[in-house]
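Asker: What follows is a single structure, and I will ask about it in a moment.
Readers should treat all values here as calculations from the given coordinates under stated rules, not as data from a laboratory. A quick note: this is a predicted structure, and the numbers were derived from the prediction, not measured. Here the Cβ positions follow ideal geometry from the backbone for every residue, glycine too, while neighbour counts run over all protein chains shown.
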Ligand code: AP5
């Protein structure tokens, strides 16, 4: 099973993907996480991506497709995959189809998470991530027991540089301009595309997300088959 999680910055794609990947034993592939790892390691690709990410722009499609292709070489061809934040353009989507076709696979389902901009802005302003293990917290909704310290590993918590208000504004504009056409593309071409209202608690969102993937149908009125 190959699933694409779509949605604007801060809507909760990563939060939901980690949870379902844990439950299903699936591979969680976040291009944002892969790019941040490449930056930390100082690879050429990480350096190429840096200025785009700092501005809140999309990294060029060819760079992203190379990154994903390379990553998938390490993943067994029968492992379930949850793509988080990829693809984000129709060119990335057709590139992904070509990569999957080589191992006789295809995208089986697409889930679109939706929430109003006020919610996204608040979530991103409160997001804190562990610099050691990557665990994600929120100062408003899911704070750590001790401020600035990861409950899981004791690492220090950081506010992502691209979560500052100006860059968030830019990321939301970029989503609207470059990724909204992809939503339309999937709604036309991918029969199992489900909209999940994400302006609710994590558990409620997860129940609809899980239902859409595991049983192929979301129970909420927001579901679309
Ligand atoms: P990326 O890291 O993918 O960022 P994003 O898509 O903007 O998404 P986020 O990680 O910001 O949000 P999320 O939806 O995962 O929310 P989360 O679960 O963390 O990309 C960063 C950059 O890399 C891009 O700008 C671009 O430059 C580049 N890039 C990446 N992929 C690319 C691609 N394919 N093509 C080109 N460029 C690419 O939740 C957010 C916060 O809210 C957390 O604090 C969380 O705890 C909290 N939260 C989550 N759900 C809830 C809830 N239901 N209730 C309350 N709080 C919640």
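Asker: Which residues in region 99-118 place their backbone N less than 17 Å from a point set 7 Å from the Cα of residue 69 along the Cα-to-Cβ direction?
Answerer: Answer for this model: 99-105.
Asker: Here is a further query. Among 13, 146, which comes first, second and so on when ranked by fewest other beta-carbon atoms within 10 Å?
Answerer: In order of increasing Cβ crowding within 10 Å: 146, 13.
Asker: Next question. Report, to two decimal places, the Cα Rg of region 105-225 normalised by 2.2 N^0.38 Å (N = number of residues). Present the calculation step by step, with values, prior to reporting the outcome.
Answerer: On the way: Rg = 16.6 Å, N = 121, 2.2 N^0.38 = 13.6 Å.
Rounded to two decimals, the normalised Rg is 1.22.
Asker: Whole Å is fine, so just give me how far the alpha carbon centre of region 130-156 lies from that of region 163-215.
Answerer: That distance is 25 Å.
Asker: Roughly how far apart, in whole Å, are the Cα centres of region 46-99 and region 8-36?
Answerer: Here the answer is 13 Å between Cα centres.
Asker: Then there is this: Sticking with the crude label model, points 7 Å out along Cα→Cβ, report the distance from residue 48 to residue 180 in nm, one decimal please.
Answerer: According to this spin-label approximation, the distance is 3.0 nm.
Asker: Would you mind ranking 200, 55 by Cβ crowding within 10 Å, fewest neighbours first?
Answerer: Numbers: 200 17, 55 14.
By the 10 Å Cβ count, ascending: 55, 200.
Asker: Also, quick follow-up: Sorted from largest to smallest, which semi-axis lengths in Å does the alpha carbon gyration tensor of the chain give for its equivalent ellipsoid, taking the root of 5 times each eigenvalue?
Answerer: Numbers: eigenvalues 123, 94, 65 Å².
Largest first, the chain gives 25, 22, 18 Å.
Asker: Per the Kirkwood treatment, what hydrodynamic radius in Å, one decimal, follows for region 9-67 from the mean inverse distance over all distinct Cα pairs?
Answerer: Kirkwood radius, region 9-67: 12.5 Å.
Asker: Fewest first, what order do 1, 53 take by the number of other Cβ atoms within 10 Å?
Answerer: Ascending Cβ contact count within 10 Å gives the list 1, 53.
Asker: Full-extension gain between residue 156 and residue 91, please, as 0.36 nm times their residue separation minus the C-alpha to C-alpha distance.
Answerer: Result for the pair: 19.7 nm of gain on full extension.
Asker: Kindly list the residues of region 30-74 that lie in the label zone of residue 166, defined by a backbone N under 19 Å from the point 7 Å along the Cα-to-C-beta vector.
Answerer: 50-58
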